[in-house]
Protein chains: 4
Amino acid sequence: MVFEKIKGLIDAPFTPFSPNGDVDLTPIPAYARMLAKNGLRGVFVNGSSGEGYMLTSEERTRLAEAWRNALPECFKLIVHVGSCCLRESQRLASHAQSIEAWGIGAMAPPFPKISRIEELVCYCEEIASAAPRLPFYYYHIPAFNGAFLPMVDFLRAVEKRIPNFAGIKYTYESIYEYNQCRLYAGGKFDMLHGQDETLLPSLAMGGAQGGIGGTTNYNGRCLVGIIEAWQRGDLQEARRLQNYAQEVINVICRFRGNIVGGKRIMKLIGLNLGANRTPFLNITPEEEQRLKQELEQIDFFHQCNTF
Amino acid sequence: MVFEKIKGLIDAPFTPFSPNGDVDLTPIPAYARMLAKNGLRGVFVNGSSGEGYMLTSEERTRLAEAWRNALPECFKLIVHVGSCCLRESQRLASHAQSIEAWGIGAMAPPFPKISRIEELVCYCEEIASAAPRLPFYYYHIPAFNGAFLPMVDFLRAVEKRIPNFAGIKYTYESIYEYNQCRLYAGGKFDMLHGQDETLLPSLAMGGAQGGIGGTTNYNGRCLVGIIEAWQRGDLQEARRLQNYAQEVINVICRFRGNIVGGKRIMKLIGLNLGANRTPFLNITPEEEQRLKQELEQIDFFHQCNTF
Amino acid sequence: MVFEKIKGLIDAPFTPFSPNGDVDLTPIPAYARMLAKNGLRGVFVNGSSGEGYMLTSEERTRLAEAWRNALPECFKLIVHVGSCCLRESQRLASHAQSIEAWGIGAMAPPFPKISRIEELVCYCEEIASAAPRLPFYYYHIPAFNGAFLPMVDFLRAVEKRIPNFAGIKYTYESIYEYNQCRLYAGGKFDMLHGQDETLLPSLAMGGAQGGIGGTTNYNGRCLVGIIEAWQRGDLQEARRLQNYAQEVINVICRFRGNIVGGKRIMKLIGLNLGANRTPFLNITPEEEQRLKQELEQIDFFHQCNTF
Amino acid sequence: MVFEKIKGLIDAPFTPFSPNGDVDLTPIPAYARMLAKNGLRGVFVNGSSGEGYMLTSEERTRLAEAWRNALPECFKLIVHVGSCCLRESQRLASHAQSIEAWGIGAMAPPFPKISRIEELVCYCEEIASAAPRLPFYYYHIPAFNGAFLPMVDFLRAVEKRIPNFAGIKYTYESIYEYNQCRLYAGGKFDMLHGQDETLLPSLAMGGAQGGIGGTTNYNGRCLVGIIEAWQRGDLQEARRLQNYAQEVINVICRFRGNIVGGKRIMKLIGLNLGANRTPFLNITPEEEQRLKQELEQIDFFHQCNTF
């Protein structure tokens, strides 16, 4: 099967929670409109930014439906359906197809830890087969699940076995492996860049066209701007924006990263999505104050996403 | 709260699957009787040996119930309720209490990876609070989930916060950390030994009294024998049996470990429990043949568990 | 102190050994001429490619002298002086200054493993002070020595303490940390790119100007070509060359990497440098045959360095 | 060749340094007498406790000679000769034989990191061949050098190839692998226990008879006492002493371990051995004060080694 390749940046949204810890669907329409307004081309829901592994299957399907119903025009919905339990993942995949999501994705399970390519192929194969009409993306994020496998070898192994395999969301340091995957089989697979720190070098290296971002939730204008600047040949502006994106990332790294610190930024820019689920340690009020100050120091609130 | 400490060995059973991959409850009564007959004192269900993370919540509750209904006299049922989703874990904990399981346990989630003691305490606290009348065991198995935290510090942190915290199932190499935990607070906590390779040295080190085994499914007579030999002062026999236990473990290590290779041994001794769930790579017929031969070479079928 | 920044690529040469295993200085003049002819700007001797840690101090000083005496015009000599024994390193640093090497460098010792920035600063400080007139480069290659420390923090820590600290040879995956170091303190430090797989993205990211290569020993024309193409604005050619550099690297990765496989390529292009020292496992004659074939398949012998 | 097996505990001494950082040989006679008086059976010099990797070869030979000249009766001298440079190691091995040391040992080099058994065998083979009349011990301490190789396979590989291979100093967590090595080939190899935290369980597991200690420098009476208590069948006393040894180790772990914190204890018990070499961060006067207090709290100064 041949699928459309993604152009531009897809956002990995956070999951909104009510004060009592329940999933809160009410912010989603405004959230979707905001992302589209700031140049994002779709969402990858229930992934790591969305605390997908920490949601019940029922919460995951309700979230997917809420995003489906709130989609702006030409805005793609990709549903992360990975879990430790293949039967749940198949159910989620099938559900995603039934609600006409644009595509699905799955990371390797963190348990049992995958250490052989054949294990990963079987895992992806069974999930992809439950949504046979949708493109399936493998979400490579080995720092989270220990699946440090060579991705060119993986592409070679899935190529003939999974008809709806579309490509990889590549969230790992190795720009050259990313590029090798992009070149594989004449560029057959859609390699979604997945590390906001390295968007510019990936564009330079070999023509990445699409990606999935985590900091795009609040800093999407900047990241979209990198692609636009690069495409019009303005290298200085692309560098300036990439350096700025890094400054923002440096801040969130001091606040337990994007899932914790980044989610709290959403509140600071006007969209309160609530807390994180245990075992994440939430940002305290004092930390929130410091987070705000550090962002002000880099003039973030004039450059971030707007409503 | 003060709970009875476990004496002797609890078995971590495999989960039986039908040829179509569904959970198969029919072997459980025979399985339970066999374990009791060979000296085991209970079961720890839905743990790593039982592919607990790869089961749906509904499958997990049905399994717990089936074991509950099949329990031999004086045989303990401990239900592993850990998962990446705390709300599911709480539901499972509450269910375990409702069916009058003897206790519950949970390993740290493999995702998100836990790196701070406070995260682990919060995680355990919320689960334990959902089954407040049952003893809660933390299942320490960092090789599986990356939670390499110092356990004495963890005990110190939970001591005042989780009223029904009973102890730790300790599945890690450090015999001296295990012993330090055992000594902590005057021996207040129940430290369940959880590594079949080191039962004898743990008995010697400091009076381990109970443990949870994985190879006890098929080699329980041997492992129970180590404790009995030690208790009657027969060091030579205890060593002989520990060395034999190691020989069996050496075999399963050549067949992808206990979950895969060990589960297939069950079929060879007369209790076919079916395959493993993806992404585990099942034992092929050729491998099964070699597995059988290797076990015959160490005269396993005259020493293993009997029905 | 302010030092000239390096422009272009410095080569990390292999160490020639005689059949009896002694260091063989005779190939060095031809080696140096060949490197200069192919566009390299200097050598970084006794580093990891040169098996520096496996040489005696006396061999290291003789090698430095031999390169010093063979230097082509405008060709820089940087001497790696790192070792587990600071006193030896200081002696080597002092010797490098005495023979008028251009600069010195040192990686973190692999033993004891460095885990604190202050340890690394002390280590560098004592070495740098033994060659106070030469620029000192820290050679960051954590995969080899376990010193996974944040480099911006390290720059901050050395900035006021080591007067002749010049910069970092950065051999690690993180293009964005590399770039952060490059931007630090207004670009004060000389950040030498040290990973041949990522030369192009580093040029794009932020204006890397110099680097130290390992595959430049035989594929220097290609790597120098990447810089030249980038500088004249020919992105397509830069990409083509970077992709070709990767194809060559993919071959050597199948032959135990650059130190083992790459060194044998030198023989294949006409400069036999002998074997590797134990514990490296040398390329067998059969492997050499396959190596040659794999290189022919990518038409390497028409593109490699020439004499 | 068949060598005498070591019975009892060998000490790994610290290296004395003068205030100017030079090696100071003067304390060695008193040091040797003290160790013998407290029940130790020999020394393993220039190992990790002795900062052997941080000494010049000349310092290492002078230290070996000084210990040779100061040996109490029936006190063994084993010289650690491992280094990154095989030629230096061979020279050190040959020197050890020339001064009639009792034996030699070598750990795997930390650089290049050894990842194949054949590499390790070659490395040991070349060193052992330089002192062919002395027993050679491989010093297994993978946490320090990354050589995480299976030791039974290693024994199988060296068995026929290194005539003077005597055994392994085993400093790693896996008591069962240690025991498997001990059982290998009918107990042919001398397995020296090398982790002071687990002496008792190793005695219980299978009859360890000898070991090499690091905390024996100051806590040797306690550790020797464990063996004596075990041998006379006094398990309670053996446990009490092993628990006490752990309390001492817990203290030094708060002071950067044995090489740094333990060395400073020597000063506190009356034998000032000076500082550590860079990059170790030395104990500050304030830390020394706290170290002393923590030791007093466990009544250490009434139980430690005496002069």
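The values are calculated or read from the model by the stated rules, or taken from the named source; none is laboratory data. Note that the structure is predicted; figures quoted are calculated from it, not measured. Don't worry about glycine lacking a Cβ; one is built from the backbone with ideal geometry, like all the others, and counts go over all protein chains shown. The area values use the complete protein model at the heavy-atom level, side chains included, leaving out ligands, DNA and RNA. Shrake-Rupley method; radii C 1.70, N 1.55, O 1.52, S 1.80 Å.
Quick rundown of the values:
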quantity	calculated
Checklist (1) touching a Ser or Thr at 6+ places or on another chain (Cβ under 7 Å); (2) within 19 Å of B:Thr278 (Cβ to Cβ) applied to B:Asp22, failing item	(1)
Residue list for segment C:1-15, restricted to those being of a type outside the set (S, T, N, Q) and buried (at least 24 other Cβ atoms within 10 Å of the Cβ)	C:Ile6, C:Leu9, C:Ile10, C:Asp11, C:Ala12, C:Pro13, C:Phe14
Helices (runs of 4 or more DSSP H) contained in segment D:106-225 and holding at least 1 residues crowded, with 21+ Cβ neighbours inside 10 Å and within 14 Å of chain B (Cβ to nearest Cβ)	D:151-158, D:175-187, D:199-206
Any hit, segment D:226-244, residues being closer than 30 Å to D:Thr26 by Cβ, buried (at least 21 other Cβ atoms within 10 Å of the Cβ) and not β-branched (Val, Ile, Thr)	no
Selected residue (only one of A:Arg232, A:Arg239 is of a type in the set (D, E, K, R) and either closer than 26 Å to A:Pro135 by Cα or at the interface with another protein chain (Cβ under 10 Å from one of its Cβ atoms) (or both))	A:Arg239
Test: residue in segment C:270-277 that is touching a Leu at 6+ places or on another chain (Cβ under 7 Å), in contact (Cβ under 8 Å) with a residue 60 or more places away in the chain and not in a helix (DSSP H, G or I)	yes
Subset of segment C:21-37 (residues that are of a type outside the set (Ser, Thr, Tyr) and within 17 Å of C:Lys263 (Cβ to Cβ))	C:Gly21, C:Asp22, C:Val23, C:Asp24, C:Leu25, C:Pro27, C:Ile28, C:Ala30, C:Ala32, C:Met34, C:Leu35
Criterion violated by C:Glu247 - all others in (1) of a type outside the set (A, V, I, L, M, F, W, C); (2) within 14 Å of chain A (Cβ to nearest Cβ); (3) open to solvent by 40 Å² or more (accessible area, probe 1.4 Å); (4) within 30 Å of D:Glu126 (Cβ to Cβ) satisfied	(4)
Some residue of segment A:250-257 being at the interface with chain C (Cβ under 10 Å from one of its Cβ atoms) and surrounded by 18 or more Cβ atoms within 10 Å (Cβ to Cβ)	no
Exclusive hit being touching a strand residue (DSSP E or B) at 6+ places or on another chain (Cβ under 9 Å), open to solvent by 30 Å² or more (accessible area, probe 1.4 Å) and within 14 Å of chain B (Cβ to nearest Cβ), set A:Arg87, A:Arg41, A:Arg62	A:Arg62
Answer residue from segment D:282-299, given it is open to solvent by 40 Å² or more (accessible area, probe 1.4 Å) and in a loop (DSSP other than H, G, I, E, B) and is farthest from the other protein chains (Cβ to nearest Cβ) among those	D:Asp299
Qualifying residue in segment B:269-280 (condition: touching a Pro at 6+ places or on another chain (Cβ under 7 Å) and either open to solvent by 20 Å² or more (accessible area, probe 1.4 Å) or within 14 Å of chain D (Cβ to nearest Cβ) (or both))	yes
Segment A:90-105 - residue that is surrounded by 23 or more Cβ atoms within 10 Å (Cβ to Cβ) and among the hydrophobic types (A, V, I, L, M, F, W, C) and, of those, nearest to the other protein chains (Cβ to nearest Cβ)	A:Leu92
